[in-house]
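Right, one structure below, let's go through it.
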Amino acid sequence: MSVRAVCMAALLAWPMISRSAAQPVTGPPLTDNLIGGSKPERFLFFSGVDVWRNGLAGYDGMLLAPQGDLNKDGFLVRLFMSDNIEFYDTATRRFTTNIFRASALPGWRIKRGDLEVRVFAGPTIEIRGFKPAVQIDKLSGSRFGVQLASELWWEPTPAMMVAAAAAVTTINSVYSARAAAGWRLFDRFWIGPEVSMSTDRFSTQYRLGAHVTGFRTGVLEWSAGVGLVQDSFDRNGVYGRISALFRK
């Protein structure tokens, strides 16, 4: 069975697993040793790198609770930006695509028991460039649009977590989704499988791998993943990602 088939089967089954659509990938109760401290947290800063056979992406962002505590229900703001480089090889040359994206998304956080949901909506921008230059208006330049996003974090048992995220953007019909499950190991981190897919008008990608989430070193909380990529341009291979977050 291909990576694409496995990813699609898992993502289609996701609503039955979660019994709810889209929610937060970062953050259960403050009393949990794996996620946060013992005082109110107003800011969450995050940064990461994603690498695969034909691309490299870096991203930074911040989650802000204007009311003063990220772990209370209510209004949130999510700021995000990323810079992505991808390579496309033909029989005669290599094309390089550089894509910068940024968004400022107001949202709302809801927590019921061990289930936490965040939903966001707001403006986004994409700046896309090509080398060698491609003189096709739809392929390059700046675009403004609207993005809808949601995140989920659920702990059905003290030893298990389920996470999901989804986003759709009006620019170039971009959408993405990720689902993951994890088991608490040594009371230090979560480990388990992950599946994701992303697409726009130019390409579609499926991923199947494993993740480690919530490993803490000092004030930083780490997440990492590795697995297989299947790409619509036959750029198949392996991916790896690592990210860190800091709460204040």
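The peptide list 145-153, 104-112, put in order of mean Cβ contacts within 10 Å with the highest first, becomes 145-153, 104-112.
Both radii come from the Cα set of segment 164-245: Rg as radius of gyration, Rh as Kirkwood radius; their ratio Rg/Rh reads 1.04. Value of Rg to Rh for segment 40-94, rounded to two decimals, is 1.29; Kirkwood radius and Rg both from alpha-carbon coordinates.
For the peptides 216-222, 198-204, the ranking by mean Cβ contacts within 10 Å, running from highest to lowest, is 198-204, 216-222. Take the Kirkwood radius over Cα pairs of segment 74-203, plug it into Stokes-Einstein at 25 °C and 0.890 mPa s, and you get 144 µm²/s for translational diffusion. Counted residue by residue at 0.36 nm each, then reduced by the alpha carbon distance between them, the extension gain from Phe233 to Arg42 reaches 64.5 nm.
Values in this text are rule-based calculations from the coordinates and carry no lab data. Computed from a predicted structure; not experimentally measured. Counting neighbours? That spans all protein chains shown, and the Cβs are built from the backbone with ideal geometry, glycine included.
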